[in-house]
Amino acid sequence: MPGSDLSGVLDLYSEAAPAHFFESLENDFDLPARRRIFSLTLVVWLMISQRLDPKATLSSSVQQVVQHRPRKLLSDHKRIRERTVSCHTGAYSDARQAMPLAVAEKVADRVLDHLMQSQREALPGWGRRVFILDGSSLEMPHTTKLVKAYPPHPKSHWPVLLMLVAQELTTALAERPCWGPMYGPEAVSEQALTEQLLERLPDHSVLMGDINFGVFSVAFAATQRGHDVLLRLQPNRAGVVGRGLSLQSGLDQQVCWRPSAYERKQHPDLPADACVRGRLIAQQVKTSNGSSVMLYLFTTLQLTVEQLVELYGQRWNVETDLRSLKRTVDLQILHCRSADMIAKELVLAIVGYNLVRAVMNAAAKEYKLDPRRLSFSRSQDVVNAALPGLDAATKPVEYQARLRRMLQLVASCKLPNRTARRSPPRKVWAHGCKFARHRVASPNKS
């Protein structure tokens, strides 16, 4: 609504990607300009909302249009005016497939740029943007095309891809992901995907990663692009980087990290004088359950050791963020049956996740809360439930009242205070198997 001082997910989407933006995309990609029921802006929104809807089907998306929602995105098509839109999914399915992947990527980048305009400080008085790296595997339907693009594990049936996401530390907003096959001759690693993702980060960002990313290739690629790094190292790698330094708690030493012979073999394009200058830090810290652990960190930042440990301590947030992405936005199993549609589904799922995160950040700011204290799952439920009512509001005053009510409900979705880990160990009941296991035949057997 014009003059609104607060925004819901549909408002944020419309603000970030207005009509003229989609018109320019249609011109750039030479898309049909004729008026359609499922216009480009509507198709993108329906694909985003599919990831936020627990049912997540083509039919549930088409029913929104049949019910004349969302009004602000509907075109002036005759069938829409006369409310005679068919409930069949063929037209929407065709529009999804006809949309180029590059359009979804442009929308994702545009929405993220719009949402990233507001940020919080990762440390008091320190305004750098910190991005946390983490990866995860996703399963897909067993189709000929997907098996070829993303081979299954040798002992499994389902195609699997490896996805890498970089999420901003304070807002949890996610960059457009990178992915590739997890198995097979063209399998990719999290480290190789990191080098692709670095191109998308804002200038002079800080890259933070756990032991999986504490390797020379990641540090070198990041610093070559003007970013700083804060990486956790394995003890043996810390010893190699320190070149004989005593790795006792309290160590804070300037070092020059050079690639090993193995890393040069894996990355033959590294310059002969490749080196990353930074600090090697060893610090004994206490975990949430009271035990002690030695942290080995490599960084190019000039913060104090206490600030660096505090900053790295916030890395755990990405674990719950990925859980929200996979389980709540329903990414643990993808549903499309072609590699092209899988890519569009992945990209626009991240957009939907970011829009909900932005609403959570707005609610936290409005009610002076830490956005990390809010439950993503419950906030998503509030956002989904509020969408029809917001669309039905006919007056700006009514719309703002419903919007404020939605933010109030999101702000109430606070997670419980947990000062320590749960005392009972994790245990799972065994499941009885009524059927014989289906085994994959060995390729050596006829």
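The values are calculated or read from the model by the stated rules, or taken from the named source; none is laboratory data. Since we're looking at a predicted model, the values are computed, not measured. Counting neighbours? That spans all protein chains shown, and the Cβs are built from the backbone with ideal geometry, glycine included. Side chains are part of the model used for accessible areas, which takes the heavy atoms of the whole protein and leaves out ligands, DNA and RNA. Shrake-Rupley method; radii C 1.70, N 1.55, O 1.52, S 1.80 Å.
If you go through region 241-264 one residue at a time, do you hit one that is aliphatic (A, V, I, L, M) and part of a strand (DSSP E or B)? Checking region 241-264: at least one residue is aliphatic (A, V, I, L, M) and part of a strand (DSSP E or B). When LEU331 is tested against (1) aliphatic (A, V, I, L, M); (2) surrounded by 21 or more Cβ atoms within 10 Å (Cβ to Cβ); (3) under 22 Å from MET116 (Cα atoms), exactly one condition is not met: (3). Taking the criterion of being open to solvent by less than 20 Å² (accessible area, probe 1.4 Å) and either over 24 Å from SER377 (Cβ atoms) or among the polar types (S, T, N, Q) (or both), the only residue of region 51-61 that qualifies is SER61. If only residues of region 119-155 that are open to solvent by less than 40 Å² (accessible area, probe 1.4 Å), hydroxyl-bearing (Ser, Thr, Tyr) and over 16 Å from VAL318 (Cβ atoms) are counted, the one that is nearest to the chain's Cα centre (by Cα) is TYR150. Take the residues of region 198-220 that are in a helix (DSSP H, G or I) and open to solvent by less than 10 Å² (accessible area, probe 1.4 Å): which is farthest from GLN248 (Cα to Cα)? Residue satisfying both the conditions and the ranking: LEU198. Contact annotation: residue pairs with Cβ atoms under 6 Å, 6 or more positions apart or on different chains, pairing a residue in region 107-118 that is closer than 15 Å to THR41 by Cβ with a partner that is part of a loop (DSSP other than H, G, I, E, B), are VAL107/ALA17; ALA108/ARG176; ARG110/ALA17. Looking only at residues in region 274-301 that are outside any strand (DSSP E or B), modelled with pLDDT under 95 and not small (Gly, Ala, Ser), which one is farthest from ALA122 (Cα to Cα)? Looking at the filtered set, the residue picked out is ASN289. Scan region 62-90 for residues that are crowded, with 16+ Cβ neighbours inside 10 Å, over 20 Å from LEU10 (Cβ atoms) and hydrophobic (A, V, I, L, M, F, W, C) and the total you get is 0. Taken over region 12-25, the criterion of being in a helix (DSSP H, G or I) and either in contact (Cβ under 8 Å) with a residue 40 or more places away in the chain or open to solvent by 40 Å² or more (accessible area, probe 1.4 Å) (or both) is satisfied by LEU12, TYR13, SER14, GLU15, ALA16, ALA19, HIS20, PHE21, GLU23, SER24, LEU25. Screening LEU146 with (1) free of Cβ contacts under 8 Å to residues at least 60 places away in the same chain; (2) on the phi < 0 side of the Ramachandran plot gives one miss only, at (1).
Report yes if some residue within region 251-259 is on the phi < 0 side of the Ramachandran plot, surrounded by fewer than 18 Cβ atoms within 10 Å (Cβ to Cβ) and in contact with a Cys (Cβ under 6 Å, 6 or more places away or on another chain); otherwise report no. Within region 251-259, one or more residues are on the phi < 0 side of the Ramachandran plot, surrounded by fewer than 18 Cβ atoms within 10 Å (Cβ to Cβ) and in contact with a Cys (Cβ under 6 Å, 6 or more places away or on another chain). As for region 98-118, it holds at least one residue that is over 20 Å from ALA339 (Cα atoms), crowded, with 16+ Cβ neighbours inside 10 Å and out of contact with any helix residue (DSSP H, G or I) (no Cβ under 8 Å at 6 or more places or on another chain). Can you find a residue that is within 24 Å of PHE298 (Cα to Cα), modelled with pLDDT of 95 or more and open to solvent by 50 Å² or more (accessible area, probe 1.4 Å) anywhere in region 180-197? No - not one qualifying residue is present in region 180-197.
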